[in-house]
Amino acid sequence: MNTLYTQKPLHFLSQKEEHSQGRLFDEPLHSFRNPYQRDRDRIIHCKAFRRLEAKTQVLVNLLSTNDHFRTRLTHSLEVSQISRTIGRYLGLHEDLIEAVALAHDLGHPPFGHAGEKVLHEWMKDHGGFEHNVQSYRIVSKLEKKYPHFDGLNLTYEVRFGLIKHRKKSKYKSLPLFSEFNLDLEPILEAQVADLADEITYSCHDLEDGLLLNFISAEELLELSFFKDIKLKIKLNDIKKKEIEVYQIIRILLETLVKDVLIHSAETITKNHIKDIHAAVAHKTRLISLSKPVRTQLTELKRFLHRKFYRHDKILEMTQLADKCLSFLCNHYLHHPKDLPQYTRQRFMDQPSKRIICDYVAGMTDRYAIVDYQSKSSLSLR
Ligand code: MG
């Protein structure tokens, strides 16, 4: 495989900049950046991206003394790096992949999926809350950086890539997404970013779980994948635990990525996919893992749910998230004057619960905790 890295087997399926369906508001082309590089830069320079630094991936910021586990920002950077590796090898548009990967979690509220659940429950009679939809709202509406339009005015391909549309039937009823044909699969660059997201979090969550001793190395041997790995790296033989863990994760990541590269190229050849239109019209995603490796990854994800995401310490944080965000949402509903002026101004054209939800969802863990403590005069613990 090493000798093949310059082959770019899917280059003929790469999105072409000149075929972009463009931006909602026309803008002249930039003199030295292509449209997807420009989108990537707009994403990196937006407020929602900077806030990812203090938003939870799995472990809540500020409620732990460990500074080494993933935040939503470092997760997004890792997704971008792994996506670009996959896309570059396959010959897809790397700048487009990077833009989608960096923006894919912009809509996450504080406290990760626990926060998402609280907001969804609070919004259940008003359309609910879902982080993919929120990512789209941020880039198309909530960021205010330009005098003539709201949002970042990203290209169609990045906007479409952001919604991932795994929940097609639900998304089809949303007027927000009426510009997209949700009968199609995402473009290949977005499929790369989406699968890289799943690979990335599975690997780094396992690493964090092992390094924090939420998961023991012995427990890994329940999984078929690690029974194989044990043959290669003799668990517990290495004295330094961290090195041992990094070694396990390195092998896992490399195995998963290599499988995506080989399997995706084979699938496209086998199905005689000749152009981009055929790629998105295909009945299943073409960027994918082989069946045996998909089964192993599913097994790993179930293991992480049992051993890490439902660990007592994580569930304790979930309860704190619930307490904090429920309080803040209800507080702002009954005391709208406590909202910043620029947020209150939006009450003119939208139901107030959605505006409060946007405001609370935009908070970092840190801001939410401080705001809760100042408004409630209580400590979160
Ligand atoms: Mg993600």
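The values are calculated or read from the model by the stated rules, or taken from the named source; none is laboratory data. Because the structure is predicted, anything quoted here is derived from the model rather than measured. With ideal geometry, Cβ positions are generated from the backbone for all residues, glycine too; neighbour counts draw on all protein chains shown. Quick note on the areas: whole protein, heavy atoms, side chains included, nothing else; ligands and nucleic acids left out. Shrake-Rupley method; radii C 1.70, N 1.55, O 1.52, S 1.80 Å.
General remarks:
- Of all residues in segment 277-295, those satisfying the criterion of being modelled with pLDDT of 95 or more and more than 20 Å from L90 (Cβ to Cβ) are P292, T295.
Every residue, every condition in (1) within 16 Å of the ligand (Cβ to nearest atom); (2) modelled with pLDDT under 95; (3) under 27 Å from L253 (Cβ atoms), yes or no:
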position	(1), (2), (3)
L13	no, yes, yes
E17	no, yes, no
R38	no, no, no
D41	no, no, no
I44	no, no, yes
K55	yes, yes, yes
S64	no, yes, yes
L77	yes, no, yes
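- Selection within segment 133-152 - open to solvent by 10 Å² or more (accessible area, probe 1.4 Å) and part of a loop (DSSP other than H, G, I, E, B): E143, K144, K145, Y146, P147, H148, F149, D150
- Residue satisfying all of: in segment 301-311; free of Cβ contacts under 8 Å to residues at least 24 places away in the same chain and in a helix (DSSP H, G or I); most open to solvent (accessible area, probe 1.4 Å) among these: R302
- Residue satisfying all of: in segment 188-207; acidic (D, E) and more than 14 Å from the ligand (Cβ to nearest atom); farthest from H311 (Cα to Cα) among these: E189
- In segment 13-92, counting only helices (runs of 4 or more DSSP H) that sit wholly within it, the ones holding 3 or more residues that are open to solvent by 60 Å² or more (accessible area, probe 1.4 Å) span 47-51, 72-90.
- Of all residues in segment 269-287 being within 19 Å of L182 (Cβ to Cβ) and assigned to a loop (DSSP other than H, G, I, E, B), the one that is most open to solvent (accessible area, probe 1.4 Å): K283
- Selection within segment 290-300 - more than 21 Å from the chain's Cα centre (by Cα) and either crowded, with 18+ Cβ neighbours inside 10 Å or part of a helix (DSSP H, G or I) (or both): K291, P292, V293, T295, Q296
- Residue satisfying all of: in segment 312-363; buried (at least 18 other Cβ atoms within 10 Å of the Cβ) and not in a helix (DSSP H, G or I); modelled with the lowest pLDDT among these: L339
- Any chance H204 is touching a residue at least 24 places away in the same chain (Cβ under 8 Å) and not in a helix (DSSP H, G or I): no
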